[in-house]
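Notes for the one structure printed next.
The values are calculated or read from the model by the stated rules, or taken from the named source; none is laboratory data. Being a predicted model, the structure only gives us computed values, none of them experimental. Methodologically, a virtual Cβ is constructed for each residue, glycine included, from the backbone with ideal geometry; neighbour enumeration extends over all protein chains shown.
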Amino acid sequence: MSIELDFRMKYASSAERGFNLDVKLPLPAQGITAIFGPSGSGKTTLLRCIAGLIPVPHAKLIVNGMHWQDGSSTMPTHKRPLGYVFQESSLFPHLTAKKNLEYARKRADDSSSMVLYHRVVALMDLEPVLQQYPAQLSGGERQRVAIARALLINPKLLLMDEPLASLDPARKREIMPYLERLHTEFQLPILYVSHSIDEVTKLADHLVLLERGRVVTHGPVTEVVAQSEFTLHSGVDTGIIVEARVVERDSRWHLTRVAFSGGTLWVRDAGDEEDQVVRIRILARDISLALDNHSDSSILNRLQGRITQIIEDKDPAMALVWMQVGSVTLIARITQRSAHHLELQKGVKVWAQIKSVAVVR
């Protein structure tokens with residue numbers, strides 16, 4: 001099963017003149033798909049089209065075999081079994097958290113609503129705040145109630161439009177574990193709009209990169225971020241995402257060793273248990289290259305790989321070097337002068353040197 005969408009329209013707004021949305025692609029019907037791109041790329045517009053909030057003539061939207069729109073035949077927004085979480089929680093200010101949730105339950109299947117209610121309240125850890133009004137809640141608590149409210153509709157699709165954008169860094173860290181838990185415990189597709197690569201790294205399974213309303217590239221998140229198209233069009237620091245397993249914790253030095261197909265890496269200890277699967281992000285700027293394995297160095301992580309391509313960076317002084325390490329692609333950002341000095345070219349074996357403190361968790 002999958003989500004099939006085809007939206008083509010000219011969208012005019014005060015922010016974008018002549019903005020053309022042209023998105024046609026299949027999406028997986030499970031896990032989190034991040035809709036990623038800079039401001040003005042069409043992320044929120046696409047989400048509102050999927051929700052039916054922006055009418056698009058002759059569009060197509062099929063969710064797990066259910067035709068929400070097919071040409072001129074369109075299912076009204078209020079009949080689409082979807083949940084929508086906005087940047088702001090948009091809770092009813094005159095209702096307690098519990099009353100806000102009960103309002104959502106009215107749209108759920110009566111035969112399962114109480115079971116779903118208790119499951120969602122426990123998942124979002126809302127029992128202590130049920131009797132409080134939105135004004136009495138922190139930003140993170142309000143957003144947890146908003147997510148719970150969307151889940152209580154018992155949706156077939158959950159739309160999340162930058163749900164962390166209005167939160168300060170502390171509140172973002174507070175709510176992130178709940179989003180990760182939501183990812184693992186609810187088997188429903190989630191479309192997650194974001195311009196934060198950190199959120200994408202932690203949450204997404206699949207990634208769609210938009211630029212000016214068009215799809216630049218899409219696919220599994222670990223593959224897409226390693227593509228040159230993503231590097232050139234995303235506007236974020238070049239880097240890759242690696243899924244690894246914790247194999248050792250060194251309490252003396254507060255480090256954790258993680259293993260993946262290309263070898264092992266020492267990273268800062270974040271309290272993960274042994275055998276736990278974790279995601280790490282390695283930025284191209286934090287990788288240096290050498291032709292030999294230098295053990296007389298403060299850098300703990302050294303991985304051997306073979307160069308697969310070298311391209312010019314946007315900065316003419318720099319080059320981006322792709323190398324294959326096991327089944328993983330690493331990207332290093334070095335000066336053109338260094339690449340020339342080392343005589344780097346496709347097929348050459350090199351050692352990637354990565355500082356433990358530079359690995360992003």
Residue check, P38 in contact (Cβ under 8 Å) with a residue 40 or more places away in the chain and either more than 27 Å from P177 (Cα to Cα) or in the same structural domain as R149 (by TED's automatic domain parsing) (or both) = yes
Single unsatisfied condition, S89 versus (1) touching a residue at least 24 places away in the same chain (Cβ under 8 Å); (2) in a loop (DSSP other than H, G, I, E, B); (3) surrounded by fewer than 18 Cβ atoms within 10 Å (Cβ to Cβ); (4) not aromatic (F, W, Y) | (3)
Among the residues of region 318-329, is there at least one that is touching a residue at least 60 places away in the same chain (Cβ under 8 Å), touching an Asp or Glu at 6+ places or on another chain (Cβ under 8 Å) and not polar (S, T, N, Q)?
-> yes
Residue list for region 138-153, restricted to those being within 21 Å of H94 (Cβ to Cβ) and either modelled with pLDDT of 95 or more or part of a helix (DSSP H, G or I) (or both) = G139, E141, R142, Q143, R144, V145, A146, I147, A148, R149, A150
Single match in L303, L344 (criterion: crowded, with 16+ Cβ neighbours inside 10 Å and closer than 24 Å to V224 by Cβ) = L303
Restricting attention to region 229-271, which residues are among the small types (G, A, S), surrounded by fewer than 17 Cβ atoms within 10 Å (Cβ to Cβ) and either within 15 Å of R281 (Cβ to Cβ) or touching a Cys at 6+ places or on another chain (Cβ under 6 Å) (or both)?
-> A270
Of the residues L159, L116, L191, L164, which is surrounded by 16 or more Cβ atoms within 10 Å (Cβ to Cβ) and either among the basic types (K, R) or assigned to a loop (DSSP other than H, G, I, E, B) (or both)?
-> L164
Picking from N20, N64, the residue that is farther than 21 Å from I190 by Cα and either at pLDDT below 95 or of a type in the set (F, W, Y) (or both) would be N20
How many of the residues making up region 220-242 are outside any helix (DSSP H, G or I) and over 12 Å from the mean Cα position of the chain (by Cα)?
-> 10
Which number in (1) part of a helix (DSSP H, G or I); (2) of a type outside the set (S, T, N, Q); (3) touching a residue at least 60 places away in the same chain (Cβ under 8 Å) marks the one condition that E180 misses?
-> (3)
For G263, state whether it is outside the structural domain of D205 (by TED's automatic domain parsing) and out of contact with any Ser or Thr (no Cβ under 9 Å at 6 or more places or on another chain).
-> yes
Out of L53, L46, sole residue that is under 19 Å from A150 (Cβ atoms) and part of a loop (DSSP other than H, G, I, E, B) | L53
